[in-house]
Structure formats: C-alpha cells, structure tokens
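The values are calculated or read from the model by the stated rules, or taken from the named source; none is laboratory data. None of these values were measured; they are calculated from a predicted model. Please note: Cβ atoms are built from the backbone with ideal geometry, for glycine as well, and neighbour counts cover all protein chains shown.
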Amino acid sequence: MARRLQILLLLVAASLLPHGLMPEPAGAQVPPEQDAGWQSDVGGLRHFTGLRCPDMIGSFNRIKVIQGDAVSLAGCIYTGRDGITAVLRNHLETTGRREALTFSRSYKAAGFEPIKLSGAAASGTSFRTRSWTPTSLCETLWYFSGDQADYTLWLSYTLPTQEIEVGPAVAAFTRALASQN
C-alpha cells in the first residue's frame, strides 16, 4: 500500500511539473525551435512573443526551449551548479499571480509540504517535495509582472546544500527579466 501511494504521488508530482520537464516518449521528436516560434538572437534565442532566453543567465546554462501551451506563451529550461534546475516562463499580462496560485493549490493537493524559507526564497512559494533523503528537495515558484507580460521562475534545489545558490539565481533571472520590457 505504501509503495502504491509513493507511485501515485510521483505520478501526480510529475503531472504538475512545468510543461516540458516530462521525459519525451521513445521515438518522439521535439519540434525544431523555429516551428515553436523561436529565432536565434545575439547570445541566445528570442520567441515571437518577445521572450528572450540567453544561452546563460548567471551561472545557469539554457538546455531546452519550451513552446507555448494554453497556460504559458513560451519558456526555457536552465541548469545550474550541481543540478539546480530553473524554468523561466512567459505568460499573458496579468496572469502571473493566477499561475502562482495554481502552482500552490496543485502542490498542496498533491500532499507536498509548504515551507517558509528566508532570503530570496521567502518571496516565492516553496514546497518540500522530497524529505526521505539526507537532503530535502525544494521547489519554489516566483511570479513577476512586466509592462507587457508576466513571468514565472521555478527553481528545484536541495536543502540545505543549495540554499545559498537561490539568492544569486533569483537575482540573475530578475536582471534578465528586467531587460525583457
């Protein structure tokens, strides 16, 4: 019974991941970047919505682009030191707060523990998503309102070992977003 519950929670958690983090089925082809609305830009890519995703943001490297869906216009996945993952998404103007509320409600419904953190993480919504190992996996979502669009930043990192990386990561992504509008 406990094993079934673990599998169910993992399936629910996987369904809540930002679009594009799910593994591709064997043989599936990711559409070319141009088909998803991305064009090469100086030092990165630019989506037709205006979102610019540099090759590097702070110590993070872009590893994948995400095409838009019904909720998000576009986005990019970045990886940082020791496997920290960041997902930067572009949303319609005034929808970022709603996306943050959806994130919070979905994670609570999946049974994940909301946690209060300090520093940069305190301004986001954080959940402990793995606590059965020596380090806890934490996922935090921030939303930002821009002049012409809203954005979300999702980070997955371990506590306490990677907590010190969160502040510089949020600062780097905030600077990158400031140049969007």
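Data overview
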| quantity | calculated |
| --- | --- |
| In region 35-45, residue modelled with the highest pLDDT [restricted to those that are over 15 Å from LYS64 (Cβ atoms) and either out of contact with any helix residue (DSSP H, G or I) (no Cβ under 9 Å at 6 or more places or on another chain) or among the small types (Gly, Ala, Ser) (or both)] | SER40 |
| Output for region 94-110, where each listed residue is touching an Asp or Glu at 6+ places or on another chain (Cβ under 6 Å) and assigned to a loop (DSSP other than H, G, I, E, B) | THR95 |
| Matching residues, region 134-151, being of a type in the set (Val, Ile, Thr) and either on the phi > 0 side of the Ramachandran plot or modelled with pLDDT of 95 or more (or both) | THR140 |
| Residue satisfying all of: in region 81-107; of a type in the set (Val, Ile, Thr) and under 10 Å from ASP150 (Cβ atoms); nearest to the chain's Cα centre (by Cα) among these | THR95 |
| Any chance VAL42 is over 22 Å from GLY167 (Cα atoms), of a type in the set (Val, Ile, Thr) and without any contact (Cβ under 8 Å) to a residue 12 or more places away in the chain | yes |
| Among the candidates LEU117, LEU92, residue that is aliphatic (A, V, I, L, M), more than 15 Å from VAL166 (Cα to Cα) and surrounded by 13 or more Cβ atoms within 10 Å (Cβ to Cβ) | LEU92 |
| Residue ID - nearest to TRP38 (Cα to Cα), chosen from residues in region 67-80 that are modelled with pLDDT of 85 or more and over 11 Å from the mean Cα position of the chain (by Cα) | ALA74 |
| Identity of the residue in region 111-169, aromatic (Phe, Trp, Tyr) and within 21 Å of LEU51 (Cα to Cα), that ends up nearest to the chain's Cα centre (by Cα) | TRP154 |
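For every residue, the table says whether it meets (1) farther than 20 Å from GLU99 by Cβ; (2) of a type in the set (Ser, Thr, Tyr); (3) out of contact with any Pro (no Cβ under 6 Å at 6 or more places or on another chain).
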{"site": "PRO134", "(1), (2), (3)": "yes, no, yes"}
{"site": "GLU139", "(1), (2), (3)": "no, no, yes"}
{"site": "SER145", "(1), (2), (3)": "no, yes, yes"}
{"site": "ALA149", "(1), (2), (3)": "no, no, yes"}
{"site": "LEU153", "(1), (2), (3)": "no, no, yes"}
{"site": "GLY167", "(1), (2), (3)": "yes, no, yes"}
{"site": "PHE173", "(1), (2), (3)": "no, no, yes"}
{"site": "ALA176", "(1), (2), (3)": "no, no, yes"}
{"site": "GLN180", "(1), (2), (3)": "no, no, yes"}
